[in-house]
Amino acid sequence: MQFESFSSFLAMGGYAFYVWMSFAVTFGAMLLLAVGSYRQHKVLLKSVVAEQARQSRIKRARAKTADISPE
Amino acid sequence: MWKWLHPYAKTENAYQLCLTLQPWLWVGALACLLIGSVWGLAFAPQDYQQGDSFRIIYIHVPSAILSMSTYVAMAVAALVGMVWQWRTAYMAMIAMAPVGAVMTFIALFTGAAWGKPMWGAWWVWDARLTSELILLFLYIGVIALYGTFEDKQQGGKAAGIMALVGVINVPIIHYSVEWWNTLHQGATISKFDNPSIAPEMLWPLLVNLLGFALFIAAVTTVRLRNEIIVREMHRPWVVKLAQKGEK
């Protein structure tokens, strides 16, 4: 350990603001990217199911109109 | 020689490959990032000139190096897509673009936060900084160009050409510190025969470099799967996958 105490570790030799801001923004950005990608995955799967339901609704509706108007 | 690669041109196989690799990449990335960052922040010795502010190097250098490597990987994917007509390669290209853009942003941001205490300025129009900023614009350009196309097949080709043309910027970034008289310091670790950094400082840097690389790979697998779902929405295997709920 390069620092004598935890508070001196936090102080970063007077550069606390720059060092901790850099690390916070870096890992914050990486976390956002990862979480965003997984969230997008969920949304996409839902939209695939919704699209499939829409297609089958259209198919059923077409079949019905074909039944009603046979002439 | 490259025959093993061919099955992965099929999106279903590529999707499965991503799923298999993903957990290992995440575990490796988290472990390396944790070890490298704690090591670099708490255990690496102080710099004799820059004091503790130099510890920003442990995120600045990996993100900067990998912002360029990711760009090259993206351009290689575009080239593969063009030459062998692999749609999957274009999908990989577009999956990587936002990841590379985030890396470039991190490199620029941590550079500014390091420049302020050391140079006295958040930003200077120095060759290294400016060319890295252009890299960010190239990434944004590729993403935006792809987004303007309704037909993703066409969009992939257009964005691919842009990615390929932009490769010219990568050597410019790398050699900017030699070609021009810059405020930015010269290369530290790319001189493998004689790195100008003490080994106690170098090791955590290499661990974090690996951690960032694994992180990029892990997020890319997630994003590539997303891209495949978007492009293959009507394929039976995608529909089945979505109806099964998850995975």
**Message:** So residue B:143 ticks every box in (1) among the β-branched types (Val, Ile, Thr); (2) assigned to a helix (DSSP H, G or I); (3) more than 18 Å from the chain's Cα centre (by Cα) but one. Which box is left unticked?
**Reply:** (3)
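Do we find that residue B:83 is more than 10 Å from every other protein chain (Cβ to nearest Cβ) and either without any contact (Cβ under 8 Å) to a residue 60 or more places away in the chain or over 13 Å from residue B:159 (Cβ atoms) (or both) in this structure?
Values: more than 10 Å from every other protein chain (Cβ to nearest Cβ): yes; either without any contact (Cβ under 8 Å) to a residue 60 or more places away in the chain or over 13 Å from residue B:159 (Cβ atoms) (or both): yes.
Here the answer is yes, as residue B:83 does meet what is asked.
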**Fill in**
A careful count of residues in the stretch B:41-75 that are over 15 Å from residue B:110 (Cα atoms) and assigned to a helix (DSSP H, G or I) gives 10
**Asked** Only one of (1) more than 21 Å from the chain's Cα centre (by Cα); (2) modelled with pLDDT of 95 or more; (3) among the β-branched types (Val, Ile, Thr) fails for residue B:83. Which number is that?
**Response** (2)
**Request:** Could you please find all residues in the stretch B:126-152 being loosely packed, with under 15 Cβ neighbours inside 10 Å and over 20 Å from residue B:63 (Cα atoms)?
**Result:** B:144, B:147, B:148, B:149, B:150, B:151
**Prompt:** If residue B:61 passes every condition in (1) farther than 30 Å from residue B:124 by Cα; (2) in contact (Cβ under 8 Å) with a residue 60 or more places away in the chain but one, which one does it miss?
**Reply:** (1)
**Request:** Can you tell me which residue within the stretch B:115-140, out of those that are in a loop (DSSP other than H, G, I, E, B) and without any contact (Cβ under 8 Å) to a residue 40 or more places away in the chain, is farthest from residue B:69 (Cα to Cα)?
**Result:** B:120
**Complete:** Filtering the stretch B:235-245 down to residues that are more than 7 Å from every other protein chain (Cβ to nearest Cβ) and in contact with a helix residue (DSSP H, G or I) (Cβ under 8 Å, 6 or more places away or on another chain) yields B:235, B:237, B:241, B:245
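The values are calculated or read from the model by the stated rules, or taken from the named source; none is laboratory data. Quick caveat: nothing in here was measured; it's all calculated off a predicted structure. All Cβ positions, glycine included, derive from the backbone under ideal geometry; neighbour counts span all protein chains shown.
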